[in-house]
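This report refers to the structure that appears directly beneath it.
The values are calculated or read from the model by the stated rules, or taken from the named source; none is laboratory data. On a predicted model such as this, the values are computed, not experimentally measured, just so you know. Ideal geometry is used to build each Cβ from the backbone, glycine not excepted, and the neighbour counts take in all protein chains shown. Ligands, DNA and RNA are stripped out before the accessible areas are found, and what is left, the full protein with its side chains, is counted by its heavy atoms. Shrake-Rupley method; radii C 1.70, N 1.55, O 1.52, S 1.80 Å.
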Amino acid sequence: MRLPLVIFTLMATLAAARGDLADQIALAEEAHDTHATIELLRRWQDQHPDDQRALQRLASLWLEVPDFDRAAELLPSISDPGFVARAKADIAYRRDESLPGALDILRARWTEAPNDAATGHQLAGDLLKAQLYGEQIQVLDTLIAAEADAGLLLDRANAKRASDQPEGALADFRRA
């Protein structure tokens, strides 16, 4: 158990000696050291404040930890409205324990951008949690129309089964 830590520490020290922050971030991520990755990304942001990919990764890690307040602080700096909506919905659901609030955020984003597959996936998952199967089926229909995926077909089949549509559920199970 200590050997991977020693190896990571040695690799991080070597990268630090070279002064290559990007290498240090890669090593921390490879070692699945979330807290080290967060700290290194914070340093990266000091040097590259406009790096949207790094901002989104940092916000995602804050959500993973979870430190919802720190994630929320980053959202005004992130230019991807889909990412921002999904993060706000995650905060509403997990921190504020407001599934209705999360659904409102995701529905608004889905209405603005019905081709935003990542938002559609999150909305479908939250609709399942809320047991709103009819609406979940509608979202899944849109996602499946864009890309027929076996996982989406299974999700829709389960939603149809739960909403007492056995024929539709069976058809989706067969297609999957």
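Shape verdict for the stretch 117-176, please, from the Cα gyration tensor: rounded (a/c under 1.5), prolate (a/b greater than b/c) or oblate. Oblate is the answer for the stretch 117-176, as a/c is 1.5 or above yet b/c matches or exceeds a/b. Only one residue of Pro114, Ala85, Phe68 has its Cα farthest out toward the positive end of the dipole of the stretch 66-134, where Lys and Arg carry +1 and Asp and Glu -1 on Cβ, and that residue is Pro114. Rolling a 1.4 Å probe over the protein chains gives Ser98 an accessible area of about 40 Å². Per residue, the average separation of C-alpha pairs within less than 8 Å and at least 6 apart gives the chain a relative contact order of 10 percent. Quick check: net charge around Glu167, other residues with Cβ under 14 Å of its Cβ, Lys/Arg +1 and Asp/Glu -1? Counting the neighbours of Glu167, the net charge comes to +3. In this structure the stretch 8-149 gives 55 Å² per residue of accessible area when probed at 1.4 Å with all protein chains present. With a ≥ b ≥ c taken as the square roots of the eigenvalues of the C-alpha gyration tensor of the stretch 34-86, please select rounded if a/c is under 1.5 and otherwise prolate if a/b is larger than b/c or oblate if it is not? It is oblate, given that a/c is not under 1.5 and a/b is not larger than b/c.
Sequentially through the stretch 47-54, phi angles give Karplus couplings (6.51, -1.76, 1.60; θ = phi - 60°) of 8, 9, x, 9, 6, 5, 4, 5 Hz, Gly and Pro residues having no value and appearing as x. Expressed as a whole percent, the accessible surface of the stretch 29-176 that belongs to carbon and sulfur atoms is 48, based on a 1.4 Å probe. For the stretch 62-158, the square roots a ≥ b ≥ c of the C-alpha gyration tensor eigenvalues yield an a/c of 1.5 or more together with a/b exceeding b/c, which makes the shape prolate. Under 5 Å between amide hydrogens, built in the peptide plane, is the criterion, and for Ile78 it picks out nothing among residues at least 5 positions away or on other chains.
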